[in-house]
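For reference, the structure discussed in these notes is given below.
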Amino acid sequence: MAVFVNTFFEERVEQLFSLAEVVRKAFDAAGLEYRVVGGLAAYLYVEEREPDAGRLTKDIDILVRREDLAAIARAVEPFRLHYRHAAGLDMLVQADQPSGRRAVHMILVDEKALGGYGEIRGIPLVPLLDLVRMKLSSFRLKDQTHLKDMEEAGLITPEIEAALGPVHRERLLDLRTRE
């Protein structure tokens, strides 16, 4: 009996984690801080709780300090990443795959926003509560999907819900009442 394996998915996961590892090495070598947010953070939190339940993302979103941009641009060059500012976005693209769709997108924050963090697979993540707040603030279809995944994995606990503001709680309730 033949066994079929989704090698495309496996390869894509490996590519994503390889890129995340390159980012970690470059930032560590330069003593720079960052936090992973967005789809990769949601994927990691869900996968840690409920293996094989996470949805893969195409890119990596990270929080970085605005004042670190020049240092980041210098730090990533030896790692075959290039800083690019296009269409109002700051990103790091791979030398051999310069597409913005599979890039590391940088979200600029102030000093305080890079406070505490969790870590999964050696990747520094924004705390779960902050990720839930971000997803509820953006509330695009993909954010709603990530929120549903986190909810189904049991990550949106009563404690997380209690820490949300009224607008976020209302959006979460709206999401829960949909089919």
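How big is D for the chain, in µm² s⁻¹ as a whole number, if Stokes-Einstein is applied with the Kirkwood radius of its Cα pairs at 25 °C and 0.890 mPa s?
Working: Rh = 17.2 Å.
The Stokes-Einstein estimate is 142 µm²/s.
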Counting only DSSP loop positions in the stretch 106-177, the GluC sites (Glu not before Pro) whose Cβ has at most 10 other Cβ atoms within 10 Å are none
The chain - share of DSSP beta bridges that are antiparallel (%, nearest 5):
70 percent
Could you estimate the translational diffusion coefficient of the stretch 72-158 from the Stokes-Einstein equation, with Rh from the Kirkwood formula over C-alpha pairs, at 37 °C and 0.692 mPa s, in whole µm²/s?
216 µm²/s
Can you tell which of Ile107, Ile160, Ile123 shows the greatest fluctuation in a Gaussian network model of the chain with Cα springs below 10 Å?
Ile160
For Cα pairs less than 8 Å apart in space and 6+ apart in sequence, what is the mean separation divided by the residue count of the stretch 7-127, i.e. the relative contact order in percent?
27 percent
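Under a Cβ-only charge scheme (Lys and Arg +1, Asp and Glu -1), can you give me the dipole magnitude of the chain about the Cα centre, in debye to the nearest 20?
Taking the Cα centre of the chain as origin, the dipole is about 480 debye.
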Projected area averaged over orientations for the stretch 1-88, convex hull of C-alpha atoms, nm²
7.7 nm²
Would you be so kind as to identify which of Ala41, Leu164, Ile107 lies farthest towards the positive end of the dipole of the chain, taking Lys and Arg as +1 and Asp and Glu as -1 on Cβ and the Cα centre as origin?
Ile107
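Read the figures in this text as sums done on the coordinates, not as results from a lab. Worth saying up front: this structure is predicted, and the values here are computed from it rather than measured. Reconstructed Cβ throughout: ideal geometry from the backbone, glycine too, with neighbour counts over all protein chains shown.
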